[in-house]
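*Asks:* Quick one: this structure, given as structure tokens, is what I'll be asking you about.
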Amino acid sequence: MASSNAVGNAREFISPSDLTFSWGGCHRCLWLNYNHGLRTPGFMPLVGDLANMQEKYFENKTTADIAPVLPAGKVADLGGWVKSSFINVNSKPTKYAIRGKYDLLIEFADGTFGIIDCKFQAKDSDKTDLYQPQLEAYAFALENPAAGAAKKVSLMGLLVWSLLEPAGDVNKGFGLKLKHTWRPITRNPEALSTRLTDFITVVSSQMPPAKDNCDMCNYLATRREFISEK
């Protein structure tokens, strides 16, 4: 029975966000997710609502509305799904492909495209290095699609809204003043290839040890010990 569940819950699509957050966390938790469908619970209140609000604001906007430094273009799509062809590791095809949902897809006047990830932060800070693998994964899927025409990605970046101060009054209601920051991310397909190779090697191998400071693994181990003593 356990073996059957393992096969049924095994993942073959790599989420772009896992290349950033899950990879930087506990590799045992990552392995359990991709081999048995056991995903660590997350709790991020309002994140989805704020992200949807930010994306919706830029629907049908031009690049001039996003950042004056951007080439001429327009928002072609928001919240769209991408799926790549199968990923090669060491020149050999694997069972894995990238599948994920981007925030904003930009179509430039020269026929190329841009991937923009919307971020809502408490404080404006540069997190381009953190999110680079995630956006590069979207670009890979667009340029190497499982079906349909490939789209050349010429630009990637983060569109950050960060908190400044409350605005309004008790009679009319309150809002938030936000800082609007454009942070470009340099394309680096070679770095993504390395990350994907390492990622697929880990999830395709034997279960790795838990990360020393993994809160979930430490909690489960302590809980198991406590129950066994009762």
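*Asks:* Scan the stretch 116-153 for residues that are within 15 Å of residue 190 (Cα to Cα) and among the hydroxyl-bearing types (Ser, Thr, Tyr) and jot them down.
*Replies:* Answer for the stretch 116-153, where residues must be within 15 Å of residue 190 (Cα to Cα) and among the hydroxyl-bearing types (Ser, Thr, Tyr): just 138.
*Asks:* Being touching a residue at least 12 places away in the same chain (Cβ under 8 Å) and surrounded by fewer than 14 Cβ atoms within 10 Å (Cβ to Cβ): is that true of residue 197 here?
*Replies:* Taking the combined requirement at face value, the residue does not satisfy it.
*Asks:* A further question on this structure: Return a yes/no flag: does the stretch 133-147 have any residue that is in contact (Cβ under 8 Å) with a residue 40 or more places away in the chain, hydroxyl-bearing (Ser, Thr, Tyr), outside any loop (DSSP other than H, G, I, E, B) and touching a strand residue (DSSP E or B) at 6+ places or on another chain (Cβ under 6 Å).
*Replies:* yes
*Asks:* While we're looking at this one, here's another question. Considering only the stretch 109-119, I want to know if a residue exists there that is assigned to a loop (DSSP other than H, G, I, E, B), closer than 20 Å to residue 60 by Cβ, touching a Ser or Thr at 6+ places or on another chain (Cβ under 7 Å) and in contact (Cβ under 8 Å) with a residue 12 or more places away in the chain.
*Replies:* Yes, that holds for at least one residue.
*Asks:* Do you know which residues across the stretch 114-125 are surrounded by fewer than 16 Cβ atoms within 10 Å (Cβ to Cβ) and either β-branched (Val, Ile, Thr) or over 26 Å from residue 80 (Cβ atoms) (or both)?
*Replies:* 122, 123, 125 - these are the residues of the stretch 114-125 that are surrounded by fewer than 16 Cβ atoms within 10 Å (Cβ to Cβ) and either β-branched (Val, Ile, Thr) or over 26 Å from residue 80 (Cβ atoms) (or both).
*Asks:* Is it fair to say residue 125 is in a loop (DSSP other than H, G, I, E, B), more than 14 Å from the chain's Cα centre (by Cα) and within 21 Å of residue 50 (Cα to Cα)?
*Replies:* Taking the combined requirement at face value, the residue satisfies it.
*Asks:* How do the pairs read when you match residues in the stretch 70-99 that are without any contact (Cβ under 8 Å) to a residue 40 or more places away in the chain with residues anywhere that are surrounded by fewer than 18 Cβ atoms within 10 Å (Cβ to Cβ) and outside any strand (DSSP E or B), using Cβ under 6 Å and keeping only pairs 6 or more apart or on different chains?
*Replies:* Hits for this filter: 72/109; 75/61; 78/59; 93/86.
*Asks:* Same structure again: Those residues that are in contact with a Leu (Cβ under 6 Å, 6 or more places away or on another chain) and assigned to a helix (DSSP H, G or I), I need them from the stretch 169-217; list them, please.
*Replies:* Hit for the stretch 169-217 is 195, nothing else.
Throughout, read-outs are computed from the coordinates displayed, never taken from laboratory work. All values reported here derive from a predicted model rather than from experimental measurement. Positions of Cβ are generated from backbone atoms using ideal geometry, with glycine treated the same way; all protein chains shown enter the neighbour counts.
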